[in-house]
Each structure stands twice: as structure tokens, then as C-alpha cells.
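A short write-up of the structure that comes next.
The values are calculated or read from the model by the stated rules, or taken from the named source; none is laboratory data. Remember, it's a predicted structure, so these values are computed and weren't measured experimentally. Cβ: placed from backbone, ideal geometry, glycine included. Neighbour counts: every protein chain shown.
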Amino acid sequence: MSIQYFNTLTRQVEPFAPRESGRVSLYTCGPTVYNYAHIGNFRAYVFEDLLQRHLEYRGHAVTRVMNLTDVDDKTIRGCRTADVPLAEFTQPFKKAFFDDLETLRIKKAQHFPEATSANHIARMIEMIATLIERGHAYRAEDGSVYFRIASFPAYGRLAHLNLDELRPSGRVSSDEYEKENIGDFALWKAWDAADGDVVWDSPWGRGRPGWHIECSAMATGILGPQIDIHCGGEDNIFPHHESEIAQSECVTGLAFVRLWMHCKHLLVDNQKMSKSAGNFYTLRDLLDKGWTGREVRYALLSVDYREPLNFTFEGLAAARAALARFDEWSRRIDETAATGAEPLPTDLDTTAFGAALDDDLNISAALGAIFEIIRETNKRLDAGTLTPGQIRALVEWRDRVNSVLRFEPEAATISAEVQALLDERAAARAAKSWAESDRLRDAIAALGWVVKDTKDGQKLSPKA
Ligand SMILES: [Zn+2]
């Protein structure tokens with residue numbers, strides 16, 4: 001079966017084929033760096049990671065862009081409150097975001113453009129100028145520039161909205177009196193006192209870009225006018241992605257995106273996550289409670305992306321238990337595998353995992369397929385009916401699965417102290433000083449490690 005994904009634009013599951021065979025361009029809306037990202041944000045980033053890794057598993061080379069929104073109302077408010085320059089305010093949140101991506105084993109994009117980079121600001125201004133020139137945008141009296149949605153009949157198509165619903169029926173609210181249509185959105189916001197020193201020059205006067213044009217400029221600037229896949233959380237569909245389409249297509253004259261994919265929202269204990277409800281979690285909050293990045297990744301990954309994810313601590317505990325089963329089986333096959341692989345018995349279906357993901361990233365079926373293999377092969381390992389060569393084939397399959405899901409245990413780092421003891425012990429064994437070797441094994445055990453002697457030398461594993 002070929003890969004098929006659900007397209008938000010057509011509301012259908014469609015076969016996926018990139019514009020250029022074997023190469024996929026992927027744009028994913030990134031964080032607004034005014035705070036630490038919360039687990040609802042990370043649900044979207046983990047879903048996008050699964051998508052990218054699945055495409056790579058199927059042999060596509062993926063070029064991914066994830067933008068960082070480092071200028072908007074929230075970042076400006078934050079830097080004004082903290083009384084520091086904007087860049088100084090956002091810097092620690094950018095760093096924290098990258099740390100969090102690593103903790104969750106999310107593959108780094110090739111490009112993390114920042115909205116405030118001079119080249120991207122220049123492109124935004126250039127795009128806005130083109131839109132004005134073509135009648136798709138207009139400058140209001142205060143110097144702000146708005147996109148004229150009436151000039152783009154396809155506006156509303158992604159969100160499946162009726163444009164008439166966006167037309168004003170009565171008076172437009174007083175703070176938006178300069179717009180022709182209530183649905184018109186800002187491409188450029190004229191400076192006001194609340195912006196402080198966050199300001200750029202433009203042909204329309206001093207101000208700053210709107211959020212939507214940031215993404216259009218960075219996406220088309222880096223990936224070109226046409227992109228294979230554009231993702232985000234479902235809350236990005238309208239107005240953000242709808243507006244990205246309007247701006248980009250009115251500038252380039254080409255269809256902007258082939259496939260739009262959005263993941264559903266995250267709830268905590270079936271409630272909307274909010275600070276006031278006391279159920280608001282950043283990744284850091286969960287790590288502080290003793291959960292690992294791998295466990296959080298599992299919990300965020302294990303629900304189909306088109307279903308709302310109800311995050312609970314029971315769910316995290318279930319993730320921990322599932323990973324423990326996976327680890328135990330993993331250790332078992334690692335210990336008994338030969339060096340060369342032999343074909344697996346034909347009744348073990350190792351293709352079900354990939355086939356499930358090919359079907360619109362059906363992760364529940366994919367996990368079901370993995371645990372079915374684990375259950376079945378554990379039985380055969382007990383009965384001794386798998387050859388070491390077949391076990392090697394299982395190890396190789398497990399590693400391919402891990403290239404997509406990244407469920408392998410944290411690589412435990414060996415301290416210099418343990419390494420020194422290991423070296424001493426190797427020397428003792430070479431000199432056949434067995435009593436010294438045993439003493440050193442106990443010393444290593446006291447530091448939390450089990451040392452095993454194999455034909456390839458000493459092997460270390462963390463004490464259970
Ligand atoms: Zn965006």
C-alpha cells in the first residue's frame with residue numbers, strides 16, 4: 001500500500017506523493033518563544049516528528065522548516081514587563097525549546113528561522129508591497145496594512161468557512177474601525193506605544209509584521225513557492241493557515257501547499273489545560289515529577305493524531321509500563337542474537353507496523369503490531385524455537401521501528417570513575433588475578449552497574 005494521509009483541505013484521506021519523487025518539503029509552525037512550551041504544544045511537535053520519521057522510514061528525504069515566532073504581542077509584552085530588549089527576553093526560551101526537543105527525541109529541523117532575522121523581515125516587507133500593488137492589501141490611516149480577504153475568493157476554504165460569515169453585519173468593533181472587512185487581517189501593524197523599541201522601518205511607516213506573514217515569508221523564502229506538507233495544531237487552521245494560503249498564493253500565483261495536516265488538541269483529565277485550573281504542564285514540570293522524556297514522548301505519541309489526546313498520569317504510568325515491556329524484550333533479544341541475520345518465520349508479521357503508519361499514521365495499530373510481535377516472540381524465546389540468526393533479524397526490525405518511534409532506553413553515561421574501574425578490571429583479568437577482578441566487579445556494582453564478561457570483553461548494563 002502506498003502512503004496515505006488525511007488532508008485538512010479536502011477532508012479526505014489521500015495517497016501522498018511529493019512534487020519531486022523521494023523529496024519532501026515540510027513546514028511546521030513552531031513555538032512563540034515567550035514562555036516554556038507546554039505539553040499541548042509538544043503534542044503537535046511529536047506528531048510532526050512521527051510524520052517526518054515515517055516519511056524517512058519509507059525512503060523520502062525530508063527537508064523540514066520550523067519557525068520560531070520571536071516577535072508578537074506576547075513576546076513584546078514579556079520583554080516590556082521584564083524591561084529587557086526583545087532578543088534578550090526570547091533567548092532563554094529559544095534555548096529551552098531546543099533542550100525540550102532533545103529530551104523528547106524530536107528530530108531537529110534543518111532550518112529554525114527566526115521571524116526577527118533581517119532577511120526574513122525584508123522578505124515580509126517585499127511580500128506586503130507586492131500584495132498592495134496587486135490590490136490584495138491596503139494601508140489604513142494609522143499605517144497598518146491589512147489583507148483584503150474579499151480579493152481572494154478561496155479564503156475560508158481550508159477551514160471550510162463560509163466567507164459571508166466573516167462579513168460584518170453591523171458596526172465593526174471600534175478598535176478595528178480602519179478595516180474594510182472584519183475578516184481582513186494585519187500584514188503590518190503600525191507602531192504604538194505598547195511596542196516600545198520593538199520596531200522596523202517599512203514603506204508604510206514604522207511598525208512590525210503580523211504573525212501570518214511571518215510564516216508565509218519564511219516558508220516560501222526557504223522551501224520555495226510550493227510546499228509538499230504543512231502542519232500544525234488544529235488551532236492553527238484558522239485564521240493562521242488560512243491567511244498563510246491567501247498571502248502566499250496572491251504573491252506567487254501558485255498553489256502553496258499540497259497537503260495540510262493538523263493534529264487535534266490535548267486535554268488534561270478531560271479538561272482544557274489552563275493555569276487557572278491547575279492542570280497546566282510544561283515538559284519541565286513532568287520531568288520534575290520524575291517522568292522521563294521518553295515516557296512523555298510515548299504518552300504524546302500513542303494516541304492517533306486526529307483524535308483529541310486526553311493526558312493523564314495514569315496514561316504516563318501506562319507508557320512507563322509499556323516501555324518496560326519493550327526494554328525487557330529488547331534486552332532479551334540483544335543478549336541472544338547471532339551476528340548474522342536469518343529470515344524470520346513467515347507467520348511473524350513484521351510488515352504490519354509500517355503498513356499501519358502508511359495508513360494515515362495509525363499509531364494505535366502500529367503499537368498493536370509491535371506488542372503482538374513482542375508477545376509472540378517472547379513465547380518462542382521461552383520455548384527456544386527461534387534461532388540466534390532469527391533473533392538477529394528481530395533486533396534489526398526493532399532498530400528500524402526505533403528509527404521511527406525512538407523508544408530505546410536512555411543511553412546511560414558511564415562516569416570516569418566507573419571507566420577507570422573497568423580498565424583496572426580488564427588488566428586484572430588479563431593477569432588472571434581473579435580475586436582482584438571480583439573485587440573490582442563489586443566496586444562497579446556499588447556504583448550502580450552490572451558487569452558481564454562476554455567473548456567480546458566486559459559488558460556493562462545499569463543495575464535494575
Ligand atoms: Zn505558522
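When the range 413-435 is limited to residues that are surrounded by 11 or more Cβ atoms within 10 Å (Cβ to Cβ) and within 34 Å of the chain's Cα centre (by Cα), the one that is modelled with the highest pLDDT turns out to be 415. Being in contact with a strand residue (DSSP E or B) (Cβ under 6 Å, 6 or more places away or on another chain) and at negative phi holds for only one residue in 53, 43, 80, and it is 43. Of all the numbered requirements in (1) surrounded by fewer than 20 Cβ atoms within 10 Å (Cβ to Cβ); (2) within 22 Å of the chain's Cα centre (by Cα); (3) under 30 Å from residue 13 (Cα atoms), residue 371 misses one, and that requirement is (2). Just a yes or no: is a residue in the range 120-127 assigned to a loop (DSSP other than H, G, I, E, B), more than 16 Å from the ligand (Cβ to nearest atom) and touching a residue at least 40 places away in the same chain (Cβ under 8 Å)? No - not one qualifying residue is present in the range 120-127. I need every pair where a residue in the range 403-425 that is over 19 Å from residue 452 (Cα atoms) has its Cβ under 6 Å from the Cβ of a residue that is assigned to a helix (DSSP H, G or I) and of a type in the set (A, V, I, L, M, F, W, C), sequence separation at least 6 or different chains. These pairs meet every condition: 407/326. Selection over the range 33-76 of residues that are closer than 21 Å to residue 274 by Cβ and of a type in the set (Gly, Ala, Ser) gives a count of 3. Residues in the range 274-293 that are assigned to a helix (DSSP H, G or I), over 22 Å from residue 307 (Cβ atoms) and either touching a residue at least 40 places away in the same chain (Cβ under 8 Å) or in contact with a strand residue (DSSP E or B) (Cβ under 6 Å, 6 or more places away or on another chain) (or both): 284, 287, 293.
Condition check ((1) more than 16 Å from the ligand (Cβ to nearest atom); (2) at pLDDT 95 or above; (3) among the polar types (S, T, N, Q); (4) assigned to a loop (DSSP other than H, G, I, E, B)) across all residues:
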position	(1), (2), (3), (4)
5	yes, yes, no, no
30	no, yes, no, yes
36	yes, yes, no, yes
41	no, yes, yes, no
46	yes, yes, no, no
54	yes, yes, no, no
59	yes, yes, no, yes
63	yes, yes, yes, no
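Restricting 453, 438, 399 to those that are more than 33 Å from the chain's Cα centre (by Cα) and free of Cβ contacts under 8 Å to residues at least 12 places away in the same chain reduces the list to 438. Quick one: is residue 314 assigned to a helix (DSSP H, G or I) and surrounded by fewer than 19 Cβ atoms within 10 Å (Cβ to Cβ)? Yes, satisfied.
Taking residue 281, is it among the aromatic types (Phe, Trp, Tyr), more than 16 Å from the ligand (Cβ to nearest atom) and under 26 Å from residue 56 (Cβ atoms)? No.
Restricting attention to the range 7-28, the residues being among the hydroxyl-bearing types (Ser, Thr, Tyr) and within 16 Å of the ligand (Cβ to nearest atom) number 4. Would you check which residues across the range 185-214 are within 13 Å of the ligand (Cβ to nearest atom) and either over 17 Å from residue 137 (Cα atoms) or charged (D, E, K, R) (or both) and list them? Within the range 185-214, 214 is the sole residue that qualifies. Highlighted here are the strands (runs of 3 or more DSSP E) found entirely within the range 216-273 that include at least 3 residues which are within 13 Å of the ligand (Cβ to nearest atom): 227-233, 257-263.
Being surrounded by fewer than 19 Cβ atoms within 10 Å (Cβ to Cβ), not small (Gly, Ala, Ser) and not in a loop (DSSP other than H, G, I, E, B) is a property that residue 304 lacks. Among the residues of the range 79-99, are any part of a loop (DSSP other than H, G, I, E, B), acidic (Asp, Glu) and either away from the ligand (no atom under 16 Å from the Cβ) or surrounded by fewer than 19 Cβ atoms within 10 Å (Cβ to Cβ) (or both)? Within the range 79-99, one or more residues are part of a loop (DSSP other than H, G, I, E, B), acidic (Asp, Glu) and either away from the ligand (no atom under 16 Å from the Cβ) or surrounded by fewer than 19 Cβ atoms within 10 Å (Cβ to Cβ) (or both). Considering the range 417-458 alone, what residues qualify as being among the polar types (S, T, N, Q) and outside any helix (DSSP H, G or I)? Answer for the range 417-458, where residues must be among the polar types (S, T, N, Q) and outside any helix (DSSP H, G or I): 433, 454, 458. Is there a residue being farther than 24 Å from residue 10 by Cα and either within 16 Å of the ligand (Cβ to nearest atom) or among the hydrophobic types (A, V, I, L, M, F, W, C) (or both) anywhere in the range 176-184? Yes.
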